[in-house]
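A.B. asks: Questions regarding the structure given below will be posed in turn.
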Amino acid sequence: MASLAARLASASLNRTARVAAARNILAPAGLAAQVRLNHSSARDTTTIPDFSKYKNGSGDSTNRAFSYFMVGTTGAVSVIGAKTTVADFLANMSASADVLALAKVEVDLSTIPEGRNVTIKWRGKPVFIRHRTADEIEEANS
């Protein structure tokens, strides 16, 4: 390690020798290393180009206000559209009123005249109810 430091610190080494020494230091034993070098047409130049003429100005506030208005309006319309879509989907998927009254059907038999039939809906299917006469009940019991 000391010989390496001595080699790098040596003032007699020119630039090519220093690059070669750096390559030997950075390369693992037996493997080649990639060294990236900075190239410039002039030595020791680090001037950075001025791109200020390509920059936009600070912009006027009316253009910014219009942009914010458009973004806000688009967001509001999107939220309303999403809400409407979800509400329509849930309304479509929910059960209808006749299905909600699945198992509870109450019929007042006193309103059905004796000997007559009534058809009601239960779970979406018809149910036939007959208010039997005394003779029909006696015949069914025998």
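The values are calculated or read from the model by the stated rules, or taken from the named source; none is laboratory data. Since the structure is predicted, the reported quantities are computational estimates derived from the model, not experimental observations. Reconstructed Cβ throughout: ideal geometry from the backbone, glycine too, with neighbour counts over all protein chains shown.
A.B. asks: Answer yes if at least one residue in region 80-89 is acidic (Asp, Glu) and surrounded by fewer than 10 Cβ atoms within 10 Å (Cβ to Cβ), and no otherwise. Don't jump to the end; show me each part of the working.
C.D. replies: Initial filter on region 80-89 (acidic (Asp, Glu)): 88.
When the remaining residues are screened for being surrounded by fewer than 10 Cβ atoms within 10 Å (Cβ to Cβ), the result is none.
Scanning region 80-89, I find no residue that is acidic (Asp, Glu) and surrounded by fewer than 10 Cβ atoms within 10 Å (Cβ to Cβ), so the answer is no.
A.B. asks: Also, quick follow-up: Taking Gly115 as the residue in question, decide whether it is at positive phi and either at pLDDT 85 or above or of a type in the set (A, V, I, L, M, F, W, C) (or both).
C.D. replies: Values: at positive phi: yes; either at pLDDT 85 or above or of a type in the set (A, V, I, L, M, F, W, C) (or both): yes.
When the stated conditions are applied, Gly115 passes them.
A.B. asks: Name every residue in region 118-142 that is basic (Lys, Arg) and either at pLDDT 80 or above or part of a helix (DSSP H, G or I) (or both), in order of residue number. First the steps, then the outcome.
C.D. replies: Taking region 118-142 and keeping what is basic (Lys, Arg), we get 121, 123, 125, 130, 132.
Listed by number, the residues that qualify are Lys121, Lys125, Arg130, Arg132.
A.B. asks: Only residues that are among the hydrophobic types (A, V, I, L, M, F, W, C) and under 59 Å from the mean Cα position of the chain (by Cα): list them for region 121-138, please.
C.D. replies: Trp122, Val127, Phe128, Ile129
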